[in-house]
Amino acid sequence: MVEIQARPAADTPPLAPRNPLPYRRTIAALRSFIEGHQQLRDAGGPISRMVLGPRWLIPPVLLITSPQGARDVLGRRDAVSDRGGALSMVELRRLMGGNLLNLPHERWLPRRRTLQPMFTKQNVPRYAGHMAAAAQSIADGWADGATIDLDSACRAITLRALGRSVFGLDLDEHAAEVGPALRVSLSWIADRSTQPVKFPQWVPTPGQRRARAANARLHRLAAEILDAVRLDPDRDAPLVRALIESRDPDTGRRLSDDEICDELVLFILAGHDTTSTTLCYSLWALGRDPDLAARVYEEVAALGPRTLAPEDVPNLEITVRVLHEALRLCPPAAGAPRLLNEEITVDGYRAEAGTMAVVNFYAMHRDPDLWDDPLTFDPDRFTPERSAGRNRWQYLPFGGGPRSCVGDHFAMLEATLALATIVREVSVLALHDDFRVETPFTVVAAEPIPARVTRRAAP
């Protein structure tokens, strides 16, 4: 018997156009949130649909690079447009445990209610005590005229700041293992997420064994952090103590130790990969533009030689704009996947329930239809005058909607104080004109970023 599908009503939006790239090129392109998704966007426009196989095997994919499309997907209630149901989030949860990033809606909502108070603008400054000090201590070790790798240096800064400000533990001795463990785990997850056919996670392939070993190292570190805080009631570890003491506001339930460790691994990821790359890109950009670097230095120098603090941020307007421009050109997450649990309209097109919608921030942030001279590093595009009238859904460095990044205030405060502190101590000369990136999961530098540092004369 031939199944006859009902014809949509006249006022029903059409399905998004099928992306014209051939199947094999489409599969390859989906594995790269950067070059590949740009190829898909160039071929199919800001909204395009890909059918990769039968629905029972893999859902259709909707690629979105328009502000209205981003709003239509990310601005929905999480029960309708669920990040936790996305393939990459399912794989992440199976390997690394459930956390604010990857939990499905019904489990995410109580966790978000529990943790949200820790990251309000009012509470985040409590965690900022070591941010500027970490940057200062790393910069103090740079000899005048030395060549450094900005990527490694920024990872050291953010891991030191994270450990001393919120974990209550010196993580310096773990720096060599954290980065590789994250890269191995997240690369494996990213690869699995784009494979139409794959072995179950429990099948002991070489990649699976490496990923599980790397994840075990991260969870052992999280357990060490938690045990150290429990054993020392005087240890200054505000985030860990907040996790221990937090209760669901509706049920009064506390987080288990396993749940706390799952969240700590997420914060290690966020603090190590995302903020460090933003800081690295900012320093690299300043290292290619002496006039802009001089403007930032004059702004910071006007505050004097003391250790910078959260209350200084309102006086660091140019510094903050530099970070916003770095977040535009090199967003921590290249995009955001959502599983659509209901049929919705996305920028004028019908998206069926069961579709995997992917909003690509990287492509949208570089779209010449949305930004003037989009590939030029121009922090002044974020002045109030030039920002007036801009669609707030075309700039999404921390995502948007109910599942936007809970730590955005923390990340911006950390990066602002670190960048200002470094610029006050040294001038940076970037030795490469390119900042190549890759996306093992988040956006990271694909190779070392060499730069020469010159110490500034004492005022």
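The values are calculated or read from the model by the stated rules, or taken from the named source; none is laboratory data. This one's a predicted model, so the numbers in the text were calculated from it and none came from an experiment. Glycine also receives a Cβ, built like all others from the backbone with ideal geometry; neighbour counts cover every protein chain displayed.
Brief remarks on what is shown
- Conditions (1) buried (at least 19 other Cβ atoms within 10 Å of the Cβ); (2) farther than 30 Å from Pro180 by Cα; number of the one not met by Ser387: (1)
- Scanning segment 37-59 for residues that are closer than 19 Å to Arg192 by Cβ and either touching a helix residue (DSSP H, G or I) at 6+ places or on another chain (Cβ under 6 Å) or buried (at least 20 other Cβ atoms within 10 Å of the Cβ) (or both) yields His37, Met50, Pro59.
- Some residue of segment 164-180 being over 30 Å from Val358 (Cβ atoms), small (Gly, Ala, Ser) and either in a loop (DSSP other than H, G, I, E, B) or touching an Asp or Glu at 6+ places or on another chain (Cβ under 6 Å) (or both): yes
- Filtering Gln116, Gln195, Gln201 for residues that are over 24 Å from Val443 (Cβ atoms), polar (S, T, N, Q) and surrounded by fewer than 15 Cβ atoms within 10 Å (Cβ to Cβ) leaves a single hit, Gln116.
- Extreme residue, nearest to Gln201 (Cα to Cα), among residues of segment 76-106 that are crowded, with 20+ Cβ neighbours inside 10 Å and acidic (Asp, Glu): Glu91
- In segment 411-428, the residue that is farthest from the chain's Cα centre (by Cα) out of those that are hydrophobic (A, V, I, L, M, F, W, C) and not in a helix (DSSP H, G or I) is Val426.
- Residue, nearest to the chain's Cα centre (by Cα), within segment 390-408, restricted to residues that are crowded, with 19+ Cβ neighbours inside 10 Å and in a helix (DSSP H, G or I): Arg403
- Odd one out for Leu264, checked against (1) surrounded by fewer than 20 Cβ atoms within 10 Å (Cβ to Cβ); (2) modelled with pLDDT of 85 or more: (1)
- Segment 332-354, residues that are in a strand (DSSP E or B) and either of a type in the set (Gly, Ala, Ser) or farther than 24 Å from Tyr395 by Cβ (or both): Gly335, Ala336, Leu339, Arg350, Ala351
- Hits in segment 48-107 - residues which are polar (S, T, N, Q) and over 18 Å from the mean Cα position of the chain (by Cα): Ser48, Ser66, Gln68, Ser81
- Ala70 being among the small types (Gly, Ala, Ser), more than 30 Å from Val240 (Cα to Cα) and surrounded by 20 or more Cβ atoms within 10 Å (Cβ to Cβ): yes
- Single residue of Phe377, Phe441 found to be crowded, with 18+ Cβ neighbours inside 10 Å, at pLDDT 95 or above and in a loop (DSSP other than H, G, I, E, B): Phe377
- Filtered residue count, segment 163-189, keeping only those that are hydrophobic (A, V, I, L, M, F, W, C), touching a helix residue (DSSP H, G or I) at 6+ places or on another chain (Cβ under 9 Å), closer than 24 Å to Ile449 by Cα and modelled with pLDDT under 85: 2
- Within segment 175-189, being buried (at least 17 other Cβ atoms within 10 Å of the Cβ), within 19 Å of Asp262 (Cβ to Cβ) and not hydroxyl-bearing (Ser, Thr, Tyr) holds for Val178, Ala181, Leu182, Val184, Leu186, Trp188, Ile189.
- The C-beta contact set for segment 314-332 (first residue closer than 11 Å to Glu299 by Cα and modelled with pLDDT of 95 or more, second residue small (Gly, Ala, Ser) and part of a helix (DSSP H, G or I), distance under 7 angstrom, 6+ apart or interchain) comprises Leu316/Ala420; Thr319/Ala420.
- Segment 17-35, residues that are free of Cβ contacts under 8 Å to residues at least 40 places away in the same chain and out of contact with any Lys or Arg (no Cβ under 9 Å at 6 or more places or on another chain): Pro20, Leu21, Pro22, Tyr23, Arg24, Arg25, Thr26, Ala28, Ala29, Glu35
- Residue match in segment 345-357 (condition: surrounded by fewer than 20 Cβ atoms within 10 Å (Cβ to Cβ), of a type in the set (Val, Ile, Thr) and over 24 Å from the mean Cα position of the chain (by Cα)): yes
- Wholly within segment 10-84, helices (runs of 4 or more DSSP H) carrying at least 3 residues that are touching a Cys at 6+ places or on another chain (Cβ under 6 Å), more than 30 Å from Leu109 (Cβ to Cβ) and not acidic (Asp, Glu): none
- Note on segment 125-141: residues that are surrounded by 19 or more Cβ atoms within 10 Å (Cβ to Cβ) and in a loop (DSSP other than H, G, I, E, B) amount to 2.
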